[in-house]
Amino acid sequence: MLSEVLKDYHIILASGSPRRQQFFQDLGLKVEIRLKEVEEIYPERLRGSDIPDYLAQLKALPFKDELREKDILITSDTVVWHLNKALGKPRNREEAFGMLRSLSGKDHQVITSVCFTTKQMQKTVNSVTKVYFDELTEGEITYYIDTFKPYDKAGAYGIQEWIGLTGIRKIEGSYFNVVGLPVHQVYRSLHTLVENK
């Protein structure tokens, strides 16, 4: 099992997301949560998966000089890619409403990138899931925002919440990627990382 493969390693998860932290618990892995503030700004020329790739790598930068020999740092970022534009976390109620109204009745991509950094190397993987929303009424959008306050979620929604149960018609790709982490890729990547050492 992965916990056995990684028994000599120290995993650092640089994420305050309770969902991501839970995934590592579910994998049976002990991780240290270590957070550093990073201004999440990316070059405007970036498109699609290049954006979370860049941001996941950017989040690793402040840790660069403090990693020890057996440390594996994991940083991650998720964007919702819709109508050739990245939707991040809404800053307020108005932004959240605008995002959900834009997603209503259409499909979009949820892209999560995960960056693995050690003292010697860095590797970034990403996963893309296509999500199809039914038409949402203004009342449904308002109810969801006021009840669930999705300000910590890219695209202003959580698929695991009420809006996912009632408003998402289908998805193509990994469900867990939309929740916030492509767990299958993380599992495989950690195996590969250690086996290739």
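In terms of the mean number of neighbouring beta-carbon atoms within 10 Å, the peptides 175-181, 56-62, 130-136, 153-159 order highest first as 153-159, 175-181, 56-62, 130-136. If you wrap the tightest convex hull around every Cα atom of the range 33-80 and split its volume per residue, you get 92 Å³.
Mean separation of Cα pairs under 8 Å and 6 or more residues apart, divided by the residue count, gives the range 2-195 a relative contact order of 22 percent. Scalar couplings 3J(HN,Hα) for the range 7-16, obtained by applying the Karplus form with A = 6.51, B = -1.76, C = 1.60 to θ = phi - 60°, are 4, 8, 10, 10, 8, 10, 9, 9, 8, x Hz; x denotes Gly and Pro. Note on the range 67-161: the alpha carbon radius of gyration divided by the globular reference 2.2 N^0.38 Å gives 1.31. In this structure, the residue pairs whose Cα-Cα separation is over 28 Å, taken from LYS7/LYS89; LYS70/LYS130; LYS36/LYS106; LYS85/LYS149, are LYS7/LYS89; LYS70/LYS130; LYS36/LYS106.
Among SER3, SER113, a tally of other beta-carbon atoms within 10 Å of each Cβ gives an order, fewest to most, of SER3, SER113. Looking at the range 106-172, what % of the alpha carbon pairs are farther apart than 17 Å? Within the range 106-172, distances greater than 17 Å cover 51 percent of Cα pairs. In the calculated pair distance distribution of the range 69-122, what percentage of Cα-Cα distances lie above 18 Å? Tail fraction, whole percent: 48.
Extents of the range 2-195, largest first, come to 53, 33, 26 Å (Cα atoms, principal axes, whole angstrom).
Read-outs throughout are calculated quantities, based only on the coordinates presented, and are distinct from any laboratory measurement. These numbers were taken from a predicted model, which means no experiment stands behind them. Ideal geometry is used to build each Cβ from the backbone, glycine not excepted, and the neighbour counts take in all protein chains shown.
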